[in-house]
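Only one structure is covered here, and it is reproduced in the block below.
The values are calculated or read from the model by the stated rules, or taken from the named source; none is laboratory data. No experiment lies behind these values; they were computed from the predicted model shown. Quick reminder, even Gly has a Cβ in these numbers, built from the backbone with ideal geometry, and neighbours come from all protein chains shown. Just the protein is used for accessible areas: all its heavy atoms, side chains included, with ligands, DNA and RNA removed. Shrake-Rupley method; radii C 1.70, N 1.55, O 1.52, S 1.80 Å.
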Amino acid sequence: MKGIKILVAGALVGVVALSAWAGKPLIVAHRGYWDAPGSAQNSLRSLVKADSVGAYASEFDVWRSTDGVLFVNHDSKFKGVTACEASSKVLAGVVLDNGEPMPTLKQLLTAAQSLPDLRLVFELKEHPDKEAEALAVKEGIQMVKDMGLADRTDYITFSKEALVNFAKYAPEGSLVQYLSGDLTPMQVKVVGGNAIDYHIGVLRRHPEWIKEAHELGMKVNVWTVDRPEDMQWCIDSGVDLITTNQPVVLKGLL
Ligand code: MG
């Protein structure tokens, strides 16, 4: 009888754990939590703010300078500077909207080291130079490992080449997520990805991909969901992660 009780209790714990992941999507702050006083997209401040509002993870974008330094910023051309065509000296001189200099990946990861509850979502931007892109995958993963953040970093990319490389080099336990939305979950899995991270419009057109991904043991992330009615659709559809510019609104809804 006691054995049965333990079995039942164990099963219940399992169900509760499963529903916490399945029933309640986790919040990913898109480019950090930047829509707040004193913050800016992809700034160190936005990382700290994402943590302070209780986001599960904070997403950021990575470019490689011509001399091989990884920087964090979204736009390919920002304040007149094209990230992948500029030197580290030029990029270090670019000032974000909140007055911070554009951070290097190393600076951002250093800030993340003192935010132990925050997971990181590392997006590598699609580089026209595929050799530089491949180097950025390896260098980025190595830096994350060296800084002791391997067990709380996931990887996303629009680039099919980078997807394959992340799948090859990312440590076990990291999510490797494809962003472009032009592959079925099975096609992503075949090249080594273990999650899809698709635009909400893609998942609205292909709601069956959520089930397909789950049946394949993959996670489903969705971007960039800012309207409460869209957030609700994602919650009802059973996605695992929601990437948003409005983490506080989503938290309220959850
Ligand atoms: Mg991004």
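Describe numerically, in nm with one decimal, the distance between label points set 7 Å from Cα along Cα→Cβ at residue 87 and at residue 205.
4.4
If the viscosity is 1.567 mPa s and the temperature 4 °C, what translational diffusion coefficient in µm²/s does Stokes-Einstein give for segment 181-254 when Rh comes from Kirkwood over Cα pairs?
Approximately 105 µm²/s, per Stokes-Einstein.
Skipping prolines and chain starts, which residues have an amide H placed within reach, meaning under 5 Å, of the one on residue 58, given they are 5 or more residues away or on another chain?
29, 119, 120, 121
Give me the accessible area of residue 169, 1.4 Å probe, in Å² rounded to the nearest 10.
Counting only protein heavy atoms, residue 169 exposes about 80 Å² to solvent.
Would you list, by chain and number, the aspartates and glutamates whose Cα falls below 12 Å from the Cα of residue 79, excluding same-chain residues fewer than 8 positions away?
97
How big is the charge dipole of segment 106-225 about its Cα centre, in debye rounded to the nearest 20, if each Lys and Arg gets +1 on its Cβ and each Asp and Glu gets -1 on its Cβ?
160
Which of the lysines could a cross-linker span from residue 77 if the Cα-Cα distance has to be under 27 Å and same-chain partners fewer than 8 positions apart are dropped?
Within the straight-line cut-off, residue 77 pairs with 49, 89, 106, 125, 130, 138, 160.
When the Kirkwood radius is taken over all Cα pairs of segment 46-148, what Stokes-Einstein diffusion coefficient follows at 25 °C and 0.890 mPa s, in µm²/s?
175
Output the peptides 35-44, 181-190 sorted from most to least packed, where packing is the average of other Cβ atoms within 10 Å over each peptide's residues. Write down the numbers at each step before the final one.
On the way: 35-44: 19.7, 181-190: 16.9.
Output ranking for 35-44, 181-190: 35-44, 181-190.
Straight-line reach from residue 251: which aspartates and glutamates have Cα under 19 Å away, leaving out those fewer than 8 places along the same chain?
35, 51, 59, 117, 226, 229, 230, 236, 240
With a 1.4 Å probe and all protein chains kept in place, how much accessible area does residue 204 have, in Å² rounded to the nearest 10?
Estimated to the nearest 10 Å², residue 204 gives 110 Å².
Rg and Dmax in Å for segment 106-178, alpha carbons only: what are they?
Final numbers for Rg and Dmax: 11.7, 35 Å.
Put a dot 7 Å past each Cα toward the Cβ at residue 129 and residue 77; how far apart are the dots in nm?
Output for this residue pair reads 1.9 nm.
Could you tell me what percent of the DSSP beta bridges with both partners in the chain are antiparallel, to the nearest 5?
Working: 7 of 36 bridges.
Of those bridges, close to 20 percent are antiparallel.
Can you give the Rg/Rh ratio of the chain, where Rg is from the C-alpha atoms and Rh is the Kirkwood radius?
0.99
For segment 145-215, what ratio Rg/Rh do Cα atoms give with a Kirkwood hydrodynamic radius? Walk me through the numbers on the way to the answer.
On the way: Rg = 12.5 Å, Rh = 12.5 Å.
Dividing the radius of gyration by the Kirkwood radius yields 1.00.
Residue 24 accessible area, nearest 10 Å², 1.4 Å probe?
Spelled out: residue 24, probe radius 1.4 Å, area about 110 Å².
Work the Kirkwood hydrodynamic radius out for segment 41-85: mean of 1/r over every pair of different alpha-carbon atoms, inverted, in Å. All intermediate terms of the calculation are to be shown ahead of the outcome.
On the way: mean 1/r = 0.0861 Å⁻¹.
The answer is 11.6 Å.
On a 0 to 90 degree scale, rounded to 10, what angle separates helix 2-23 from the longest Cα axis of the chain?
That helix lies at roughly 40 degrees to the long axis.
What does the helix-only formula give at 222 nm for the chain: each DSSP H stretch with n ≥ 4 adding -39500 (n - 2.57), the total divided by the residues, and the result rounded to the nearest 500 deg cm²/dmol? Before the final figure, lay out the partial values.
Working: 11 runs with 109 residues, N = 254.
Calculated at 222 nm, the ellipticity per residue is -12500 deg cm²/dmol.
Once label points are set 7 Å from the Cα along Cα→Cβ at both residue 114 and residue 147, what is their separation, rounded to one decimal in nm?
1.4
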